[in-house]
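Engineer: This is the structure, below, for whatever I ask next.
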Amino acid sequence: MARVPCTHCHLEFDESVMITEEENGKTLYFCCKGCQGVYHLLRSEGLDTFYDKLGNQTLEPADKARSKKEDLERFDLEGFHNKYVRTTPEGFNEIHLIIEGIHCSACVWLNEKVLHQTPGVIEATINYSNNKAKVIWDPEQIRLSQIIETIRNIGYNAYPYDPSLQEERAVKVRNDYYSRILVGVFATMNIMWIAIAQYAGYFTGMEKGHKNILNIAEFLLATPTLFYSGWIFFRGAWFGLKNRFINMDVLVASGATLAYLYSIYAMITLKGEVYFDSVTMIITFVLVGKYLEVLSKRQAVDTLDKIIGSMPTEATVVKEGEKALVSIENIVPGDLIELKPGEKVAIDGIIRQGSALFDESPLTGESEPILKQEGDEILSGTICLDSVVRYEATKRAEDSLLHQITELLGDAVTKKPRIEQLANVVSGYFSVVILSIALLTFAGWLWYSGSFERALIVAISVIVIACPCALGLATPMATLVGISRAAKRGILFKEAAQLETMAKCDLLAVDKTGTVTEGRPSVVSFKTFEGFDPALLLSLVAGSNHPVSQGVARYLRERYPELRTLELEAFKEIQAQGVTAEYHGQKLAGGNVALMEALSIPVDLQSQETLFLFAIDGKITTVIELRDRLKEGAYEAITAIKALGVKVVMLTGDHEAAARRIALEAGIDETYARLLPQDKAEMIDRFHQEGHTVVMAGDGINDAIALARSDIAIAMGSGADIAIEVSDVVLLEDRPQHLADAFLIGRRTFRSVKQNLGFSVLYNSVAVPLAVLGYVNPLIAALSMSLSSLFVVGNSMRIKLGVRSEE
């Protein structure tokens, strides 16, 4: 029995098992009732042009998609909506879905068309690269379960967006490129050894038997390179032509294929020379550039997923004396929440019972903990450090500060400006022009010489000599060297394209705490008096987790490396004041002026720095001043950056006096203090409106929105995971000098890119006319192409000479 394709999904089955029907004198075949139903649905909705876009590709049978159908009611449950659905300012619902079964642009077109024609659906956009759909609908007209059912009815499946699936997809793509490059590099390295013998034989002569063996060996190496490693270019060329766009993939695929076909002809007929080496070089060199694009893309897991992952999902709610863990989505204003030391505040609220120190640095950048007492407001994202408190929720989870930050960050990431690479603009026109010249050359020589072989050889020479190896390598080779150079200096660029933007930036905005400063209290003054015992002081401060105590302990261990702690008695930590203890009858006290006054120890001291006093038996023996110090090399780095013509400003959540002092020490002339995360982002927007290209350097959640809004985001390696995820550049060794190095490397790299592109244009301006006139055969064309690529590589390697000198 003959096999026939299903009219809808195009899968082939025996004719005896197919469902048949007649339509306008034509027999239609369906493999299942599902495909039959979807076919008529498309026809009735006027979407039958879907099959023109689908072409000969196959779809998953509709009954298989529906066999996966789960209970649709769960999509309408309140818990599901609280977790996955957000409400837009217009009152509509929004969700991100993964559409399962999409494998071509026709699938995307079909899903978007069907959803757009569904009453109640306001917006439906699908990203083909990750199958992620953004759907906005009016809940008064349609339920989410009905939208899911509509998607399933046309042969697909949908479920809430899961970032882990995106990561798996990205890893799979990277591994695929890697394996294709390995094949190409292996073949190219081996075929070049054979080519050396071929070139020698071309000039000195070679027996036909030996030549045939070498030709066959090259053929065996070039074939997997073209059809396995080069499959990416064939696929890209197909989609480009399908969308009426001639891209570089078309040029690469056509040049390599023509060279391959002609080489087979020359190998079989023993006429002319083979150019299998050109095939492997064309494919391998440009494939490396393609792979660099894959590596340069941001991590597949969304920044929002990282931030949401850091947010508490549950909180301890106290009702009528009973404690229960409750999902934050179900907490309402007025609920009483218990917070233990080390826990993160999930929802904004006001303290009703107890007091504690709170670390607000993730939000405000404030370097020291803040004491919060009854009646004080606490913000989501801050961390309780030392006591149990109970606070009343004043907002719902979606209205709290940390959730608002995630929303703003999402908008910032979506609207983030990107500068297109110069090579892409040039190559867009280059490919069309070269292919047109090759076709005209073929036609001209065919008319002039009457020889198809001669015309084909000249046309191949045009394509090969102008093959965009030099052009394709101009940007990725320079950026690869630049990235490698940067990595050796502890600078990690997440995107190769960011080197170019770094070179063009004219304003650097830096956070204070952890970026310009060390981010922790350090001893700047240490005065001792009669009766001072360093062992007692170290033993006292070592028992406290307070940042000031830890700063004193670090100083003592550095100053007295042989010092050992003693076993103290009656150790007690007093909130917002300090610590007390006893040792063999001696009463020890260490803390601020408030602690000394509470213990009736006379103090007459004032300082702009943080004071720590140590008393033994009511007598002060040590006066210590601490502050957040400027990082080593920060002043030199800022000076070097300013010397490049870059304006430097400081954006910080710290108080005015501390900000001005640090800015003066660092050589920063413009400072903005007391800024919340939203304020920092607004400052970045203001700089953009003034016409600046902005680089932002920060290290915490408080910098996340501003980092995402900037053209280049730089995170310090010791910063929060969220800041590192948002960033484009990470300074792994956390040294300010590396910030200046990033600018220098960016400028040297971009200069090299422009030089490479200039050479490529000059080379093609000379080489292409010579090839058109017939003065260059494919062998010389391949050699010229190789030399042009070597020049680009050599020029790019000059970046390694250093980043200290700017010409």
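The values are calculated or read from the model by the stated rules, or taken from the named source; none is laboratory data. All figures in this text were calculated on a predicted structure; none of them were measured in a lab. Please note: Cβ atoms are built from the backbone with ideal geometry, for glycine as well, and neighbour counts cover all protein chains shown. Protein only, heavy atoms only, side chains kept; ligands, DNA and RNA dropped before computing areas. Shrake-Rupley method; radii C 1.70, N 1.55, O 1.52, S 1.80 Å.
Engineer: Check which residues have an amide H placed less than 5 Å from residue 520's amide H, if you skip close sequence neighbours.
Structural biologist: HN-HN under 5 Å from residue 520: 629.
Engineer: Leaving out ligands and nucleic acids, note down the accessible area per residue over segment 575-658 with a 1.4 angstrom probe, in whole Å².
Structural biologist: For segment 575-658, the per-residue accessible area is 46 Å².
Engineer: Just read off the accessible area of residue 526 with the full protein assembly in place, 1.4 Å probe, to the nearest 10 Å².
Structural biologist: 40
Engineer: Out of segment 367-404, which GluC sites (Glu not before Pro) are coil in DSSP terms and have no more than 16 other C-beta atoms within 10 Å?
Structural biologist: Listed in order of number, the matching sites are 374.
Engineer: What is segment 563-615's relative contact order, in percent, from Cα pairs under 8 angstrom and six or more apart in sequence?
Structural biologist: It rounds to 27 percent for segment 563-615.
Engineer: Now for a separate question. With N set to the number of residues, divide the alpha-carbon radius of gyration of segment 525-622 by 2.2 N^0.38 Å and report two decimals.
Structural biologist: The reported ratio for this selection is 0.98.
Engineer: Multiply the residue gap between residue 399 and residue 90 by 0.36 nm, knock off their C-alpha separation, and tell me the result in nm, one decimal place.
Structural biologist: 109.6 nm
Engineer: To continue, here is another question. Please go through the residue pairs 527/631; 631/680; 83/340; 113/395; 323/395; 319/344 and name each one whose alpha carbons sit more than 31 Å apart in this structure.
Structural biologist: 113/395
Engineer: If you take every residue apart from residue 589 with its C-beta less than 15 Å away from the C-beta of residue 589, what net charge results, scoring Lys and Arg +1 and Asp and Glu -1?
Structural biologist: -3
Engineer: So how exposed is residue 223, as accessible area in Å² (1.4 Å probe, rounded to 10)?
Structural biologist: 40
Engineer: Right, next: What figure, in Å² to the nearest 10, do you get for the accessible area of residue 30 with a 1.4 Å probe and non-protein molecules left out?
Structural biologist: Residue 30 exposes around 0 Å² with every protein chain in place.
Engineer: Next question. What trypsin sites (Lys or Arg not before Pro) does segment 513-622 have in DSSP loop regions with at most 10 other beta carbons within 10 Å?
Structural biologist: Here the sparse-neighbourhood loop sites are 564.
Engineer: By accessible area of protein heavy atoms, probe 1.4 Å, what ranking do 549, 600 get, highest first?
Structural biologist: 600, 549
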